[in-house]
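Q: The structure that follows is given in the form of structure tokens.
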Amino acid sequence: MTSEGGYGQRLAERLRAEQAQAIVTRVLRTADMAVTETRCDVPIGNMSSHEREDAFFVTLTFRDYPGREYWENGRLVSVSDIRAGQTCIHDLKRGPSALIDKPFHVLFLYLPRGALEAIAEDADAPRICDLNHEPVAIDDPTILSLGQAVLPALSRPNQVNQLFVDHVLMALGIHVAQTYGGMRPLAPPIRGGLAAWQVKRAKEILASNLDGRVQLKEVARECGLSVSHFSRSFRRSVGAAPHNWLLTRRIDAAKEKLRDGRLSLLDVALGCGFADQSHLTRVFTRIVGVSPGAWRRARAE
């Protein structure tokens, strides 16, 4: 877990959270984004505190929190109920703080202004100076869906697919930039997919990193494209997002190894980029419909 102030262990300490897991993406050139899951079942009634910095917190609450008392710049600005599934946006330059006197379970997206600027530049859009938000909870189905998608990765950090995390956090950043930052591209989006050489190169890089720990920006750079342009074009050309295409390749590789009866399921799992045998079994069963052991037995009959 990282110890930076805006995420990870430092954030957990400031919230007096009992549990916290964080994942960082460095998909952008100039700034990191991070997501931290925090949970506290026995609060002690303290005030949260955050370092002032040029960044935002976009939070997603998974547990009802009635009567939240919220301050900015040392002044009480709202007392409101927050329902599970709702989102709040906080400007860290305003010194946000809240009374933590009830159990909570919250996902924090750490979004520096530098990340918003890089997202806008990537989309050929004007610079984003601020986000349009009020100090109250809002219903945002997109943030809810993306937040729920990243939760399993936070609960099993040893099985994290970095491409998937990059994809989800980039999608969150773009959504926030468009919905609350008013980001609109100056030029129409490019409709075409990748050139044949770009598809070939991207697949080569992905296939040689079955563990999924290659960063999306590295693959995009090899193709001479920005991250968002590469992701859109790859999907158009291949029919799947990079992390989904890689997952399919890992399953194909597992099938090839399963045909070799001398290899144990653990050997197959580790040879195809899975964390362990249970990880292979869970993903293989979800995609293929049967466990790897059952698939191997059926082929041996």
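The values are calculated or read from the model by the stated rules, or taken from the named source; none is laboratory data. All values derive from a computational prediction rather than experimental measurement. Don't worry about glycine lacking a Cβ; one is built from the backbone with ideal geometry, like all the others, and counts go over all protein chains shown. Ligands, DNA and RNA are excluded from the accessible area calculation, which covers all protein heavy atoms including side chains. Shrake-Rupley method; radii C 1.70, N 1.55, O 1.52, S 1.80 Å.
Q: Hey, got the Cα dimensions of the chain along the principal axes, in Å, largest first?
A: 70, 49, 29
Q: Between Asp267 and Lys102, what FRET efficiency comes out of the Förster formula 1/(1 + (r/R0)^6) with R0 = 41 Å and r the beta carbon distance, rounded to 0.05?
A: Calculated transfer efficiency: 0.25.
Q: Once R0 is set to 25 Å, what does the formula 1/(1 + (r/R0)^6) return for the Cβ-Cβ distance between Ser278 and Ala253, expressed as a FRET efficiency to the nearest 0.05?
A: FRET efficiency, Ser278 to Ala253: 0.90.
Q: Right, next: According to a simple spin-label model (label point 7 Å from Cα along Cα-to-Cβ), what is the distance in nm between Arg26 and Asn244?
A: 2.9
Q: Given N residues in the stretch 8-151, what is Rg(Cα) / (2.2 N^0.38 Å)?
A: Here the answer is 1.02, to two decimals.
Q: Identify all aspartates and glutamates with a Cα-Cα distance to Lys200 below 12 Å; exclude those on the same chain that are fewer than 8 residues away in sequence.
A: Glu222
Q: Also, quick follow-up: Note down the relative contact order for the chain as a percent, whole number, built from C-alpha pairs under 8 angstrom at least six residues apart.
A: 15
Q: Ignoring ligands, DNA and RNA, what percent of the 1.4 Å accessible area of the stretch 71-211 is carbon and sulfur?
A: Carbon and sulfur atoms account for 54 percent of the accessible area of the stretch 71-211.
Q: Using only the alpha carbons, work out the radius of gyration and Dmax of the stretch 136-218 in angstrom.
A: 16.0, 49
Q: Something else about it: How do 263-275, 203-215, 115-127 rank on mean C-beta neighbours within 10 Å, highest first?
A: 115-127, 263-275, 203-215
Q: Find how much the distance from Val79 to Arg297 grows on full extension, using 0.36 nm per residue of separation minus their present alpha carbon separation; answer in nm with one decimal.
A: 72.4 nm
Q: Hey, rough spin-label estimate for Arg16 and Ile287, points 7 angstrom out along Cα→Cβ, what's it come to in nanometres?
A: Here the answer is 4.5 nm between the modelled labels.
Q: Moving on to the next point. Alpha carbon centre of the stretch 204-219 versus the stretch 1-50: separation in Å?
A: A separation of 27 Å, based on Cα centres.
Q: Let me ask something else. Between Glu51 and Cys129, what is the FRET efficiency for a Förster distance of 25 Å, r being their Cβ-Cβ separation, to the nearest 0.05?
A: 0.70
Q: Given a cut-off of under 8 Å on Cα pairs at least six residues apart, what relative contact order in percent is computed for the stretch 150-301?
A: 20
Q: Sorted by mean Cβ packing within 10 Å, highest first, what order do the peptides 293-300, 29-36 take?
A: So the order, starting with the most tightly packed, is 29-36, 293-300.
Q: With the other protein chains left in place, how much accessible area per residue, in square angstrom, belongs to the chain at a 1.4 angstrom probe?
A: With all protein chains present, the chain gives 47 Å² per residue.
Q: In debye, nearest 20: dipole of the chain around its Cα centre with unit charges on the Cβ of K, R (+) and D, E (-)?
A: Approximately 1240 debye in magnitude.
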